[in-house]
């Protein structure tokens, strides 16, 4: 049983197959695995996350989480299994950082939404993991865009769900905090055996942190597997329709990628 099991899923925002944003996608993500979703703009990456999160219902096919059909779970049951960090998160007006992070505990609370010691512990762990302790009492509205993104991530971690969905979670973060985020996610995946599906635009980050890669184009999954099998020159060129130099970092053995400027004319001797 895979943690995330997507079987022949087709989906569209209009509900019609002829306008599909996903086309016959089959993909599995195991517990303890970080799967990076790559592809050009409009490839269907964010739509795939929305389908797994239960926010977009397939027109055909099936999505299971921890062996349960997603369509059979109510919102609270889904939230106990799946935490999501979207591209953009609404700012919670009038709430402090700690209060927003504690909102991630809602699926585990009763009708009165009263926090207990377990909720407090999970909140404090998430604040510490995202280096937000010093900002915990500040209103979220007073934070920068990058700091607000870290709050959204901390809220998802406080949720303690076995499945974590990240849709460009490092957007608006500086280099240091982007690396800290990916290190954090990598540790959480390994230590808590999370199944993580992460939409990424940065090929170099994907190559360093992902266990497996799902490459998409035009709503279809065109390749899925290990970094060295999927992130090749030919497959990336076909997907992104541009030339990329593929190299290997001698320090850590990770692949790296450099976009190559297209030439509109043959090289003349003076260009050499």
Exactly one condition in (1) modelled with pLDDT under 90; (2) on the phi > 0 side of the Ramachandran plot is false for residue 177; which is it? (2)
Conditions (1) surrounded by fewer than 22 Cβ atoms within 10 Å (Cβ to Cβ); (2) in contact with a strand residue (DSSP E or B) (Cβ under 8 Å, 6 or more places away or on another chain); (3) touching a residue at least 24 places away in the same chain (Cβ under 8 Å); (4) within 21 Å of residue 23 (Cβ to Cβ): number failed by residue 216: (1)
Spot the failing condition for residue 134; the list is (1) out of contact with any helix residue (DSSP H, G or I) (no Cβ under 9 Å at 6 or more places or on another chain); (2) closer than 29 Å to residue 44 by Cβ, and only one is missed. (2)
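Residue-by-condition table, conditions (1) in contact with a helix residue (DSSP H, G or I) (Cβ under 7 Å, 6 or more places away or on another chain); (2) at positive phi:
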| site | (1), (2) |
| --- | --- |
| 183 | no, no |
| 193 | no, yes |
| 208 | no, no |
| 222 | yes, no |
| 226 | no, no |
| 257 | yes, no |
Counting only residues in the range 122-139 that are modelled with pLDDT of 90 or more and surrounded by 23 or more Cβ atoms within 10 Å (Cβ to Cβ), the one nearest to the chain's Cα centre (by Cα) is identified as 126
Only one of 71, 88, 26 is at pLDDT below 95, surrounded by fewer than 17 Cβ atoms within 10 Å (Cβ to Cβ) and closer than 30 Å to residue 204 by Cα. Can you tell me which? 88
Take the residues in the range 114-131 that are touching a helix residue (DSSP H, G or I) at 6+ places or on another chain (Cβ under 7 Å) and assigned to a helix (DSSP H, G or I), then tell me which one is farthest from residue 99 (Cα to Cα). 129
Residue 152 in contact with a strand residue (DSSP E or B) (Cβ under 8 Å, 6 or more places away or on another chain) and part of a loop (DSSP other than H, G, I, E, B): no
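The values are calculated or read from the model by the stated rules, or taken from the named source; none is laboratory data. Because the structure is a prediction, the values reported are computed rather than measured. Positions of Cβ are generated from backbone atoms using ideal geometry, with glycine treated the same way; all protein chains shown enter the neighbour counts.
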